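Worksheet: one structure, shown below.
The values are calculated or read from the model by the stated rules, or taken from the named source; none is laboratory data. Just so it is clear, the structure is predicted and the values come from calculations on it, not from any experiment. Positions of Cβ are generated from backbone atoms using ideal geometry, with glycine treated the same way; all protein chains shown enter the neighbour counts.
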Amino acid sequence: GFGSASGEHWLGLENMYRITAQNTYELYVGLEDWSNNTRCAKYASFRVGGGNYYQLSLGSYSGDAGDSLTYSNGARFSTRDRDQDTSSANCANYNVWAGGWWYGNCAHSALNGPYFRPSDRTTTVGYGIYWYHFSPSTYRTYLKSPK
């Protein structure tokens, strides 16, 4: 992985594969916007496959954030330089997503983008960190950095 364990950190796909291959894990996604609204999404199981694809495998959803990740269930991890999504465009290279993710035919979520404040608003759907069902009436979710 890379980054700082006390701040923004990416564990790394190979590490996620090795960890999730050992046991069944639940995935918890905690979301908070700039108005201090909080939501969570839980998936009964979470696994990242190995090899060159790092395919996402999820169990059933529960929570109050809305299910924005099941859309990516079974998707391969796609980056700007390794297009593995099912779209005719490279979703990771498309400026509205801004980062590697399990895209499929693009996505309803993307948690690897930059953080934005509400003053950064544009009409571009999904630019930055994105969880569609958390705030579907707005173009961006504007998630805060974790504490």
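The set of residues in the stretch 27-47 being surrounded by fewer than 17 Cβ atoms within 10 Å (Cβ to Cβ) and modelled with pLDDT of 95 or more consists of Ala44, Ser45. Just so you know, in the stretch 74-88 the residues that are in a loop (DSSP other than H, G, I, E, B) and without any contact (Cβ under 8 Å) to a residue 24 or more places away in the chain include one that is surrounded by the fewest Cβ atoms within 10 Å (Cβ to Cβ), and it is Ser88. For the stretch 75-91, a tally of residues being within 29 Å of Trp34 (Cα to Cα) and either of a type outside the set (Gly, Ala, Ser) or at pLDDT below 85 (or both) returns 4. Taken over the stretch 92-137, the criterion of being touching an Asp or Glu at 6+ places or on another chain (Cβ under 7 Å), modelled with pLDDT of 80 or more and under 19 Å from Asn36 (Cβ atoms) is satisfied by His133 alone.
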